[in-house]
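The values are calculated or read from the model by the stated rules, or taken from the named source; none is laboratory data. Just so it is clear, the structure is predicted and the values come from calculations on it, not from any experiment. All Cβ positions, even for glycine, are placed from backbone atoms using ideal geometry, and neighbour counts span all protein chains on display. Heavy atoms of the whole protein, side chains included, go into the accessibility calculation; ligands, DNA and RNA do not. Shrake-Rupley method; radii C 1.70, N 1.55, O 1.52, S 1.80 Å.
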Amino acid sequence: MDLFEVELSDVHFFAYHGVYDFERVKGNDFVVNIMVKYPAPSAELIREDCLSNSISYVDLFEIAKEEMTTPRNLLETVCEAIVSRIRTAFPQCCEIHCSITKCRPPIPDFNGRATVTLSYISPNELK
């Protein structure tokens, strides 16, 4: 089976996710990456050159943007919300990967980033 991949890479957001009160006040920089795979439509449909035969990266961005503006304690919760909405909007997806990186996690003496990734793989793909 031929698969198309649509990917959003290094999408930057300023948001208010975190378990500490000061994170909800001060905010932080985040980077989101999303990749979806879906079965390629027939050659005839591809030649129609029509967005309805594809997965719009604009729609993927809008889902991520909306979820990033809702403050949550855990990045896992944000990842799950994004993946769940993509699955609902695009049921043809057989694989979805979403990662969110907190650029300046509040860890004493830590110089780095913290990333959470959620991967969905359709049960049909695991057979």
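Just so you know, the Cα atoms of the stretch 70-114 work out to an Rg and Dmax of 13.8, 44 Å.
What the phi angles of the stretch 10-27 give under the Karplus curve with 6.51, -1.76 and 1.60, with θ = phi - 60°, is a coupling list of 6, 8, 8, 9, 10, 8, 10, 8, x, 7, 8, 3, 5, 5, 6, 9, 7, x Hz, glycine and proline written as x.
Solvent exposure of the chain, expressed per residue, is 61 Å² of accessible area, with all protein chains present and a 1.4 angstrom probe. Close Lys pairs in the chain, defined as Cα atoms under 24 Å apart and 8 or more places apart or on different chains, number 5. Taking only protein heavy atoms and a 1.4 Å probe, the accessible area of the chain is 52% carbon and sulfur.
Just add up the charged neighbours of GLU23: K/R +1, D/E -1, any other residue whose Cβ is under 14 Å from the Cβ of GLU23. With Lys, Arg at +1 and Asp, Glu at -1, the net is +3.
Expressed as an acute angle from 0 to 90° and rounded to the nearest 10, what is the orientation of the C-alpha long axis of helix 75-89 relative to the principal long axis of the chain? Tilt relative to the chain: about 20 degrees. 3J(HN,Hα) couplings calculated from phi for the stretch 104-117 with the Karplus curve 6.51 cos²θ - 1.76 cosθ + 1.60 (θ = phi - 60°) are, in sequence order, 9, x, x, 10, x, 6, 10, 10, x, 10, 10, 10, 10, 10 Hz; Gly and Pro show x.
Taking all Cα-Cα distances within the chain, those exceeding 23 Å account for 37%.
In the chain, the longest principal axis of the Cα atoms and the axis of helix 57-68 are about 30 degrees apart.
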